[in-house]
Each structure stands twice: as structure tokens, then as C-alpha cells.
1. In square nanometres and to one decimal, what's the mean projected area of the convex hull around the Cα atoms of the chain?
2. Rounded, prolate or oblate: which one fits the range 1-158, using the alpha carbon gyration tensor with axes a ≥ b ≥ c (rounded when a/c is under 1.5, else prolate when a/b beats b/c, else oblate)?
3. Evaluate E = 1/(1 + (r/R0)^6) for TYR192 and TYR147, where r is the Cβ-Cβ distance and R0 equals 41 Å; express this FRET efficiency to the nearest 0.05.
4. Looking only at Cβ-Cβ distances, which cysteines of the chain have no other cysteine closer than 4.7 Å?
5. When the C-alpha atoms of the range 204-257 are aligned to their principal axes, what extent does each axis show, in angstrom, from largest down?
6. Starting from the eigenvalues of the Cα gyration tensor, five times each then square-rooted, give me the equivalent ellipsoid semi-axes of the range 129-295, largest first, whole Å.
7. When you take every Cα atom in the range 95-197, what is the radius of gyration, and what is Dmax, the widest Cα pair distance, in Å?
8. Select from the chain the helices, each a whole stretch of DSSP H, whose alpha-carbon atoms run 24 Å or more along the helix axis and whose Kyte-Doolittle mean is at least 1.0; answer none if there are none.
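Throughout, read-outs are computed from the coordinates displayed, never taken from laboratory work. The structure presented is a predicted model; accordingly, all values stated were derived computationally and were not measured. With ideal geometry, Cβ positions are generated from the backbone for all residues, glycine too; neighbour counts draw on all protein chains shown.
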Amino acid sequence: MTFPIGVIAVYVALAMWLLLLVLGIRKRRYGWAIGFGIALMLVLNVRYLVEGAPAGIAFFIGIYDVLNNLGLAPDAQVAGMTSCGDGRCSVWAERFTMHTSWGVAFYDRFVADAPLRTMLLYAHLFFNSLVFVLMHVQMLRTGLGPYRQAHKVLGRVNFVFLTLGVGCAVWLASEHGAVPQYGGRLAEFGFYSMAAFVYGTAIMGVLAIRAGDRVGHRIWMWRFAGTMWGSFWLFRVTLFVLDPLLREHEAVALLVCIWFSAPLGMLIAEVIRRRIDAAARLPTMSTKGASAGRGIAGAGR
Ligand code: HEM
């Protein structure tokens, strides 16, 4: 039996990340934890482009398989789990016959001869991963000081990438009404809501800076960054915990993550920003036309 060493490496990486986060909280320095999260996101997402969608998805499902099968007999029937059609939907397929239903449906959607759908997935994860990285560059090199012009140009480029990444996601989500294992229409509209949180906060940030409101721009871009962390990391980590707990209820864990990850990420970012601003005595609310005196990430550093 082949042993999926890559999945074990992901578990080790997640444990190391947790350690970095705890150390960061104790020392009030989060640079390493943020950098590690970005790097791990890139490692996970780039493999889709290297190995292709079916292999990338089989790896992704494999990350969830171990906890989902914990304590289950090999032939156990669980409402939220099923077996793969071709026996290859997970890197653990030789060991576990049952996998989360949304996982098997995810694999089936992309192993089928569906070139347009596969292209949309590649474009979605490529552009959104790029935006995920570049938004941190923007927050480090704010629009004030020596990087003013670069910040402006990269901001525009990043907005185009975001439009493409979110556009592809919405297109993919428009098919989910026909996928009961995801939650059907509830999944479809949940992804629309996620897209609205991500894109809506970015648009608010753009409108603010176009109106000369630097404080508002910084506030909305923090919220936007929160929705991005929410829709990627909070989504996947929460699903990792909830999926085994709710395995008797098909699609429930997935739907919770689809609907709540982006708003929750935004809320967490808002709380962090307000604390940073309060400590630095910066305005915590937008006052249209006012100058923050520092750039987007300003007080965060
Ligand atoms: C605007 C918010 C987002 C929406 C609405 C969204 C939506 C989706 C949809 C619909 C799928 C495909 C499921 C299917 O059709 O079967 C998907 C998969 C995926 N998305 Fe997103 N997504 C968002 C944010 C992100 C971000 C920020 C990233 C990367 C940083 C990302 C990376 C991925 C990846 C890698 C997959 C494949 C599954 C995995 O390995 O995690 N998405 N997303």
C-alpha cells in the first residue's frame, strides 16, 4: 500500500503553524505565523497546477479522510460519507473506503471530461492565490512614503486579478444547485455570499481611496484581507474540525463553512485592526476625506 507521506507533512505543517501562532500571540508578533500561512497556502494550491485537478483534489480529500474515518468500522454506513466511483478520489483510497460526500462529488466534478470547469478551477485558484500574496505586499508597502506609485499600480493590477478569481468562483458556484452533496442551492447562494463579502469589501476600499478617504481605504482593505483569510484558511481549518463531528449530516459542515468563513474572517480582522489602532491612537472609524497619517497597514507594523 502506498503511504501518503504528503498528507502527514501537511499535518506536521499545521501543528508547526499552531505553535507559531501561540508564540506569536505570546510575543505579540505575528509575522512568522502570517508568512507560514501564506507559504502553506501556496504549496497546497500550486500542486493543482503541477499534478492536475483530479490528483490535487484526491490530495485535498486525503487531508480530511483521517479524522472523518476516526472510530469508524471499514463497512460503517454514515449519512454524510460515501465511497468513490473509480476508487481514486483520495490519496487514502487504499486504506479508507468511505470519504466525505462533498469530497467525492468534488472529485467527480473534475475527473469527468469537463475542460471548461477545470480551466475555471485553475484560473480561480491561480488568481486568488496571487491576490492572497499580493494583498500582503500592499499592506507592507503602503501608499504613503517611497512606495506610493508602486502601491497604486499594484493595487490596480491586484483588483483585476481579484475580479478574475472571484468571477471564476461565481461561475463554478452557479453549477452547485445540481450538487446535493454540497448542499445544492444553499451552497450556490452561500458561495455567492462569500464572493459578495470578498469583492464587496475590496470595492468599498477602492471607492474610499478614489474619494480621497485614506482612513476608510485602510479600514476596508483590512476587512478585505480578513475575508480572504476567512474564505481560504478559516474555511479549510473549520471544515477539518466540523466535518468529522457532523459526518452524520450530509453537507452541513460544508455549508457552515461556505456561509460563515468570509464574514467571520472579516470580523476577526476588524477586531485586530481596532486593537492595533486603539494602541496607536489612530482613528478606528472612517472620516471621509481625512488623512490617516499612515498607510494601509501602518499601525500594524
Ligand atoms: C471569493 C471568495 C471565494 C469563493 C466564492 C470561492 C469559491 C470556490 C469554489 C466554488 C470552488 C470549487 C468547488 C467546485 O466547484 O466544485 C473553490 C475551490 C477552491 N478555491 Fe476558492 N473561493 C474563494 C476564495 C478562495 C481563495 C482566497 C483561494 C486561495 C487563496 C481559493 C482557492 C481555492 C482552491 C485551492 C480550491 C480547490 C479546493 C482546495 O484545494 O482548497 N479560493 N472555491
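1. On the way: hull surface 63.9 nm².
Dividing the Cα hull surface by four gives the mean projection, 16.0 nm².
2. Working: a/c = 3.21, a/b = 1.63, b/c = 1.97.
It is oblate, given that a/c is not under 1.5 and a/b is not larger than b/c.
3. Numbers: r = 35 Å, r/R0 = 0.85.
Efficiency, rounded to the nearest 0.05: 0.75.
4. CYS168, CYS257
5. Principal-axis extents of the Cα atoms in the range 204-257, largest first: 52, 14, 11 Å.
6. Numbers: eigenvalues 210, 61, 31 Å².
Its equivalent ellipsoid spans semi-axes of 32, 17, 12 Å.
7. Spelled out, the Cα radius of gyration and Dmax of the range 95-197 are 17.5, 57 Å.
8. Working: long enough: 5-27 (33 Å, 2.13); 31-51 (30 Å, 1.44); 115-140 (38 Å, 1.26); 148-173 (37 Å, 0.92); 185-210 (36 Å, 1.09); 252-280 (41 Å, 1.37).
Helices passing the filter in the chain: 5-27, 31-51, 115-140, 185-210, 252-280.
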